[in-house]
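All remarks here apply to the structure that follows.
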Amino acid sequence: METVVGFDQDSRVPLHPLVYLTDGDEVTIGRRDIDSYGIFPPDGAKVVRRLAAGETPRQVDLWYQREYGESADIEHVLGALAELDFIADSSQPHGEQAPIRGQRLGAAVFSIPAMIGYAVVIAASLIAMVRSPDLVPHYSNLFFTQYLTVIELTLAAGAVPLILLHEAFHWLAARRLGIRSRISVGRRLYYVVLETSLDGLVTVPRRRRYLPILAGMLLDVLALSVLTLIADLTRVADGGLSTVGRLCLALAFATVLRIAWQFFFYLRTDLYVLMSTLLGCVDLHTTAKRLLRNRALRAVGRRDRLVDEEQWHPVDRRVASWYSWLIVAGYTFSMAVFLVGVLPAVYLMFASAISRLGGDSTSGELADSLVFLVLNLGQILVTGWLAVRERRRRRAQQFQHIIA
């Protein structure tokens with residue numbers, strides 16, 4: 001009798017090198033080389049281990065019957081293994097995985113001496129801020145020059161290497177554990193973003209996942225500290241900030257905004273991933289949002305539209321009972337950051353640009369204001385156009401679905 005994936009019950013099943021991680025009542029099994037992972041019950045994981053050790057499906061099924069008093073449903077297991085791409089082509093070699101690039105560099109970057117050095121730099125910047133209040137991040141630091149277009153383009157250009165380093169720290173922290181992390185280019189609306197895949201962390205003990213998750217924020221804090229110290233060390237003779245110092249503080253404030261963004265709990269930020277990992281959740285974000293929706297529906301008496309909460313993972317359901325309020329707090333915090341840290345700067349920029357159009361401005365200032373307004377108003381128009389186009393596309397798809 002043959003299985004659904006084409007293997008004879010009395011033939012050995014060739015499996016790729018797999019990793020196993022037991023976490024409570026679940027075992028994560030996966031291939032790190034392609035980032036394919038599955039969660040198995042303990043008895044299912046034992047079946048996979050025996051198949052990987054060279055036992056035939058029939059031998060494993062007989063063992064399972066002796067151990068548990070029932071059939072292992074071996075065909076279902078093999079079907080799952082095939083779907084996860086764990087079964088190797090017998091005609092192709094499937095030996096040990098190739099060495100992980102960047103593993104030694106990651107070990108050096110996150111070694112104990114390096115971490116001590118990072119702590120010294122961060123402590124020195126805090127001391128400098130206490131000693132010199134003009135180093136404390138503030139939205140006014142963004143105005144290191146009177147030319148608004150220069151400010152905008154400089155901040156955009158300065159953000160690129162800092163964001164790349166943020167993702168590189170995630171990448172290196174995972175690589176030091178033997179995880180094949182990778183940095184890819186993604187898109188948010190019409191913005192190009194960098195993303196680091198850390199899927200392989202599910203195969204390492206939970207306590208070893210925290211550094212790769214927080215490595216990006218560590219880089220942000222380190223960058224903030226270095227920029228602050230450079231500003232302090234490059235003061236002019238009278239003790240004021242130099243042009244380089246003002247530029248560094250502008251980039252430092254932009255870095256503070258990126259750090260604050262991690263506390264927007266309604267997004268899947270690094271801190272969300274950390275909390276999910278700490279608590280052993282599966283899909284906390286989705287569960288918490290659905291729980292909030294259920295609460296709102298109960299409040300307006302629409303119980304007929306409630307989602308069945310029993311279908312959610314028990315850990316997610318338990319944590320979402322209080323985490324859902326953090327989502328609300330995240331919206332509140334992001335609004336506060338916008339009102340305190342972003343809106344004043346935006347207002348000053350637009351007010352300055354508009355005032356120059358009707359005042360006694362130099363040709364350079366007038367050109368600067370025009371370019372600034374075209375760039376920013378153009379972004380707003382493009383954003384609105386893309387939103388309308390996306391909405392029309394969704395409506396068209398829904399209409400086609402109804403017709404079909």
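The values are calculated or read from the model by the stated rules, or taken from the named source; none is laboratory data. Worth saying up front: this structure is predicted, and the values here are computed from it rather than measured. All Cβ positions, even for glycine, are placed from backbone atoms using ideal geometry, and neighbour counts span all protein chains on display. SASA here: full protein model, heavy atoms, side chains in, ligands and nucleic acids out. Shrake-Rupley method; radii C 1.70, N 1.55, O 1.52, S 1.80 Å.
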Protection proxy (average C-beta count within 10 Å per residue), highest first, orders 312-324, 211-223 as 211-223, 312-324
One finds, for residue 112 and residue 300 with R0 = 60 angstrom and r their Cβ-Cβ distance, a FRET efficiency to the nearest 0.05 of 0.60
Highest GNM mean-square fluctuation among 268, 392, 58, for the chain with Cα springs under 10 Å, belongs to 392
Heavy-atom accessible area with a 1.4 angstrom probe orders 338, 110, most exposed first, as 338, 110
From most to least accessible, 1.4 Å probe, no ligand or DNA/RNA atoms counted, 339, 249, 306 line up as 339, 306, 249
Helix 112-131: inclination vs the chain longest Cα principal axis, degrees, rounded to 10, gives 30 degrees
accessible surface per residue for the range 281-385, probe 1.4 Å, DNA/RNA/ligands not counted, whole Å² -> 61 Å²
Rounded to one decimal in nm, the spacing of the 7 Å Cα→Cβ label points at residue 336 and residue 396 is 4.4 nm
A chain fully extended from residue 101 to residue 343 at 0.36 nm per residue, minus the present Cα-Cα distance, gains in nm 82.8 nm
Measuring from its Cα centre, the chain shows a charge dipole (+1 at each Lys and Arg Cβ, -1 at each Asp and Glu Cβ) which, in debye to the nearest 20, is 1000 debye
Heavy-atom accessible area of the chain with neighbours in place, 1.4 angstrom probe: carbon+sulfur share in percent works out to 62 percent
Among (i) 1.02; (ii) 0.95; (iii) 1.06, the entry matching Rg/Rh (Cα atoms, Kirkwood Rh) as calculated here is (iii)
Label model pair residue 53, residue 259: point-to-point distance (7 angstrom along the Cα→beta-carbon line) in nm is 5.1 nm
Of all stretches in the chain that avoid GluC sites (Glu not before Pro) placed in a DSSP loop and having at most 15 other Cβ atoms within 10 Å, the longest is 97-404
Simple spin-label estimate for residue 234/residue 350, 7 Å along Cα→Cβ, in nm, reads 3.1 nm
Longest principal axis of the chain (C-alpha) makes with the long axis of helix 210-233 (C-alpha) an angle, in degrees to the nearest 10, of 20 degrees
With Cα coordinates, the longest principal axis of the chain makes an angle with the long axis of helix 363-403, in degrees rounded to 10, of 30 degrees
Among the range 210-233, those whose backbone N falls under 17 Å of a label point 7 Å along Cα→Cβ from residue 322 are none
In nanometres, the difference between 0.36 nm per residue of separation and the alpha-carbon distance of residue 279 and residue 124 is 52.4 nm
Residue-ordered couplings for the range 47-55, obtained by feeding phi - 60° into the Karplus form 6.51 cos²θ - 1.76 cosθ + 1.60 and rounding to whole Hz (Gly and Pro as x), are 4, 5, 4, 5, 5, 5, 6, x, 6
Cβ-Cβ cut-off under 14 Å around residue 226, Lys and Arg +1, Asp and Glu -1: the net charge is -2
